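Structure, as structure tokens:
The values are calculated or read from the model by the stated rules, or taken from the named source; none is laboratory data. Treat the numbers as computed from the prediction; the structure is a model and nothing was measured. Here Cβ is always computed from backbone atoms with ideal geometry, including for glycine, and neighbour counts include all displayed protein chains.
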Amino acid sequence: MIRLPYILALILSMSCSLSAQFTEIANTETFMTKAASITKNTTSLKCDFVQEKHLSFMSAPITSSGVFQYKEGNRIRWQYTAPYNYLIILNNGQLLIDDEGSQNEIDLSNNKMFDQINEVISKAMTGNVFSPSEQFSQSLAESETAYKVIMQPLTEEIQAYLTEIEIYLSKDNMLVSKVILKESSEDFTKISFENSEINSSIPDDIFILNP
């Protein structure tokens, strides 16, 4: 059975220190100029990720890791490799899932929430994260080394799963270094990205499920 809240955390769940001091930015022109350059020039992205699921009733986070890949055309692949094998693909309006051989397919045109999520991920990974949105309110802050985009859902459908999304981008290269998904005041998922490869060759056939 497809566990939608869990999949939602996996999908959203694209480094900076949590204790870093961030100051809100009123004038976003510099950020937008730098982000636009990444948007224009990025055709693919590959990186390793580590995901930590923090739950209030557990003393330690649930940790998993794998490889994230993006290719222009809103094609996204999350390959979990530890401690289990789990694959999520977003391609051409389809959400494809392979849970250790059990495969499922969801048409995103029939699910507005996942369609919105797909749009957020694609924009974030290509530098277009701070663009106008009807689904999220947005604010921007900065530290000495990073930008932080804070997104709060405006639709009840997303609010049922998330209260806030924090996206951290390195000032050096404007790549996403960390995403924090807040489900409540105590429960959240943190995903950290590293070893990024920009515009490397990524074959098209990794964005389909193999029987």
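In this structure, does Ser109 turn out to be surrounded by fewer than 16 Cβ atoms within 10 Å (Cβ to Cβ) and in a helix (DSSP H, G or I)? When the stated conditions are applied, Ser109 passes them.
Test Leu95 against the stated conditions and say whether it is surrounded by 14 or more Cβ atoms within 10 Å (Cβ to Cβ), touching a helix residue (DSSP H, G or I) at 6+ places or on another chain (Cβ under 8 Å), aliphatic (A, V, I, L, M) and in a strand (DSSP E or B). So Leu95 passes the test. Got at least one residue in segment 50-59 being of a type in the set (Phe, Trp, Tyr) and either surrounded by 15 or more Cβ atoms within 10 Å (Cβ to Cβ) or part of a strand (DSSP E or B) (or both)? The answer is no; no qualifying residue exists. For Leu209, the conditions (1) assigned to a loop (DSSP other than H, G, I, E, B); (2) on the phi > 0 side of the Ramachandran plot are fulfilled apart from (2). Among the residues making up segment 160-183, those that are among the hydrophobic types (A, V, I, L, M, F, W, C) and on the phi < 0 side of the Ramachandran plot are Ala160, Leu162, Ile165, Ile167, Leu169, Leu175, Val176, Val179, Ile180, Leu181. Somewhere in segment 16-27, is a residue modelled with pLDDT of 90 or more, crowded, with 19+ Cβ neighbours inside 10 Å and assigned to a strand (DSSP E or B)? No, because not a single residue in segment 16-27 is modelled with pLDDT of 90 or more, crowded, with 19+ Cβ neighbours inside 10 Å and assigned to a strand (DSSP E or B).
Of everything in segment 66-111 that's under 17 Å from the mean Cα position of the chain (by Cα) and among the charged types (D, E, K, R), which residue is modelled with the lowest pLDDT? Checked segment 66-111; the qualifying residue modelled with the lowest pLDDT is Glu72.
Screening segment 60-77 for residues that are of a type in the set (D, E, K, R) and outside any loop (DSSP other than H, G, I, E, B) and picking the one that is surrounded by the fewest Cβ atoms within 10 Å (Cβ to Cβ) gives Arg75.
Per-residue answers, yes or no, for (1) touching a Gly at 6+ places or on another chain (Cβ under 9 Å); (2) surrounded by fewer than 16 Cβ atoms within 10 Å (Cβ to Cβ); (3) in a loop (DSSP other than H, G, I, E, B):
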position: Glu134; (1), (2), (3): no, yes, yes
position: Met151; (1), (2), (3): no, no, no
position: Tyr161; (1), (2), (3): no, no, yes
position: Asp172; (1), (2), (3): no, yes, yes
position: Leu181; (1), (2), (3): no, no, no
position: Phe193; (1), (2), (3): no, no, no
position: Glu197; (1), (2), (3): no, yes, no
position: Ser201; (1), (2), (3): no, yes, yes
position: Asp205; (1), (2), (3): no, yes, no
